[in-house]
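Here the structure is laid out as structure tokens; the discussion comes afterwards.
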Amino acid sequence: MTVQPRASVFQKNAVVVSNLRRAYGARTVIDRLNLVIGQGEFVVLLGESGCGKTTLLRALAGLDPVQGGTIEVPGRPAVVFQEHRLLPWETLWRNVTLGLHAADVRARAAAALGEVGLGDRLDDWPRNLSGGQAQRVALARALVQEPKLLLLDEPFAALDALTRLRMHGLVKDLVARHQPGVLLVTHDVDEALRLGDRILVMRRGVIAAEHRLTPDREIAAARAELLRELGVVVAGGIPSSH
């Protein structure tokens, strides 16, 4: 089985990161990191816990300060976190349009919720949603802003396996339609292979490896290589750590 490439040309950049540095006291978490994500490109970031993945994402979102380097983003990024972060006292359409200033906010919310399969739930409440439905609303809230850069911080981690697969398909379709640049932070190698145009492995605050998925590359070989780079040895088809 081979990986099929996404049919898109990345003519513009969704983000350009140059020599980025982030430290907590004397501990450097991101060390002179460089990264470019093209508009419409789906980039997945893998790495062990504590390597700086979420710190990088928060810096790109403007949520954390940095000590050096530059981040160039055309417009405000949108973020979807592992937790949906919906306001329980607001209806779904008002949750989707939080921070959106336009005369037709309800119509935009209706369109965004329609894209994620919840177009008939505008006036419903977050308490009535399943976990997967709540994440769909969170995704609609991000995309209604029409961002050039979409940041996904393990948004599928808390979902059951079948719901996660459905969300993968939905996200791929929405990204193909709206063409934001995407950075997905995950620990799941199979998820990375399923979604990414390009997979980056982060180690000690830098991008240590990069993989581009091409039609002639076997998924099994790419998976084994990624697991090795993450410190996992596959023996007899069963992954185990060093």
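Of the residues making up segment 101-128, those that are crowded, with 16+ Cβ neighbours inside 10 Å and in contact (Cβ under 8 Å) with a residue 24 or more places away in the chain are Arg108, Ala109, Ala112, Leu113, Glu115, Val116, Leu118, Arg121, Leu122, Asp124, Pro126.
Please verify whether Ala102 is small (Gly, Ala, Ser), outside the structural domain of Ile207 (by TED's automatic domain parsing) and under 16 Å from Pro147 (Cβ atoms), treating the condition exactly as stated. Give the steps one after another, and end with the answer.
Working: small (Gly, Ala, Ser): yes; outside the structural domain of Ile207 (by TED's automatic domain parsing): yes; under 16 Å from Pro147 (Cβ atoms): yes.
Taking the combined requirement at face value, the residue satisfies it.
How many residues does segment 145-190 contain that are closer than 16 Å to Val73 by Cα and polar (S, T, N, Q)? Here the count works out to 2. Evaluate the following for Ala7: is it at pLDDT below 85, part of a strand (DSSP E or B) and surrounded by fewer than 18 Cβ atoms within 10 Å (Cβ to Cβ)? Judged against the criteria, Ala7 is not a match. Considering Leu118, Leu122, Leu139, the condition of being closer than 18 Å to Leu174 by Cβ and not in a helix (DSSP H, G or I) is satisfied by Leu118 alone.
Taken across segment 41-56, residues that are touching a Gly at 6+ places or on another chain (Cβ under 6 Å) and part of a loop (DSSP other than H, G, I, E, B) do occur, with at least one present. Residue count for segment 26-54, restricted to those that are crowded, with 16+ Cβ neighbours inside 10 Å, under 13 Å from Leu183 (Cβ atoms) and of a type in the set (Val, Ile, Thr): 4.
The values are calculated or read from the model by the stated rules, or taken from the named source; none is laboratory data. Treat the numbers as computed from the prediction; the structure is a model and nothing was measured. Cβ sites come from the backbone with ideal geometry, for glycine too, and all protein chains shown count toward neighbours.
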